[in-house]
Amino acid sequence: MKYRQFTVFATSVAALGAASPAFAQTDAKPFEGIYVGGSFGYDVQPNDVGSRILFDRNLDGNFNDTVTTAAGANAFSPGFCNGAAIANVPTPGCTNDRDGIDYAGRIGFDVQQGVLVAGIVGEIGKSEVRDSVSAFSTTPASYTMTRKVDYNASLRGRVGYAANTTLFYATGGVAYAKIKSTFTTTNTANAFAGRGKDDRWGVALGGGIEQKLGRNFSIGMEYLYNRFRDNDYRVRATAGSAPATNPFILAPNTTGTDFRRSDRNFAWHSVRAVAAFRF
C-alpha cells in the first residue's frame, strides 16, 4: 500500500511521455537551463536486525567490553532489540523504527548536447525517519538510543539520456544531515549524560525519470539511497545514587561506563515525486 500511489504516478508519467505535446518536436534542447522545484515522497529504512548497544567499561575508547555484576554475571543477558523499548523488560518487545515522508526544495542547472544531459542539483529538505536501538539489563531496566533527522541537504551531479521530452538520469553526490540523538532509560539510580556532534556527512545516490509537460514545466519520479556516517554519539553512565556494587561503576573502574550504537551508519531509501519549473 505504501508504494501504490508511486506506481500509479510512474505509469502516468510514462503515458504523458507517449502523448507529449507538439511543442516538443521543435524544442531542440528541452532539458537545458536553470530550474527550481521540489519533491515529496516516502522514506524506508533497511532492516537493521542485529543492532545493539556496545559498552566501553574501562573507558579506553574500545567498545568491546561486557558489563558484569558483582557476581561476575553478564548484566545485559536479557539482550537487545532494534527498536525503542516498550517496557523495562524485553518480553513486550520494542516499537518498530519509524519510516516516514520526506519533502525538499531544489535548484539545478542542466546542459544538453543532443540526447545527452549533464548537470548539477542542490537540495535541502526534511526526512521523518527515526531509528532506535535498545538494551535490557538484569535490574530490570531498559536503555534506548534514538536518532532522527532535523534536516538534510545534498549537492549532486546528474547525467542522463533524453528521449525527446523524457529524461532518464542517474544522480549522486555529497550529502549533509543534522541528526539529533537522544537517550532514554528506566534506570533511575545511575546518572547518564550524552555527548556527540549533530553534523553528519554522507552520500546520496540514485536515479529517476523526468517528463516535460510544457516548455517550462516537468514532473517525474526519483529514487535515492541516503547514507550518513553516524558513529560518535556517546552516553556515559556514572554513579548517581547507585551503590559501589553497581555494574557501571564496579571497581577497578569507578568512573563510569560509555555506551554507543553498534550500527555506525544511518541510512534510508527515498522514493519521491518531483516537479520543476525551467526558466
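Brief remarks follow.
- The listed residues are 182, 186, and the only one of them that is farther than 26 Å from residue 115 by Cβ and free of Cβ contacts under 8 Å to residues at least 60 places away in the same chain turns out to be 182.
- Number of the condition not met by residue 177 [criteria: (1) of a type in the set (Gly, Ala, Ser); (2) out of contact with any strand residue (DSSP E or B) (no Cβ under 8 Å at 6 or more places or on another chain); (3) open to solvent by less than 10 Å² (accessible area, probe 1.4 Å)]: (2)
- Per-region count, region 117-158, residues assigned to a strand (DSSP E or B), among the β-branched types (Val, Ile, Thr) and within 13 Å of the chain's Cα centre (by Cα): 2
- In region 200-218, the residues that are among the acidic types (Asp, Glu) and either modelled with pLDDT under 95 or touching a His at 6+ places or on another chain (Cβ under 9 Å) (or both): none
- Region 30-58: number of residues that are assigned to a strand (DSSP E or B) and open to solvent by 60 Å² or more (accessible area, probe 1.4 Å): 2
- Looking across region 98-116, the residues that are outside any strand (DSSP E or B) and exposed (fewer than 14 other Cβ atoms within 10 Å of the Cβ) come down to 114, 115.
- Scan region 189-218 for residues that are open to solvent by 30 Å² or more (accessible area, probe 1.4 Å), touching a residue at least 40 places away in the same chain (Cβ under 8 Å), of a type in the set (A, V, I, L, M, F, W, C) and assigned to a strand (DSSP E or B) and the total you get is 5.
The values are calculated or read from the model by the stated rules, or taken from the named source; none is laboratory data. Bear in mind the structure is a predicted one, so any value in this text is a computation, not a measurement. Backbone-built Cβ (ideal geometry, glycine too); neighbour counts: all protein chains shown. All accessible areas refer to the heavy atoms of the entire protein, side chains included, with ligands and DNA or RNA removed. Shrake-Rupley method; radii C 1.70, N 1.55, O 1.52, S 1.80 Å.
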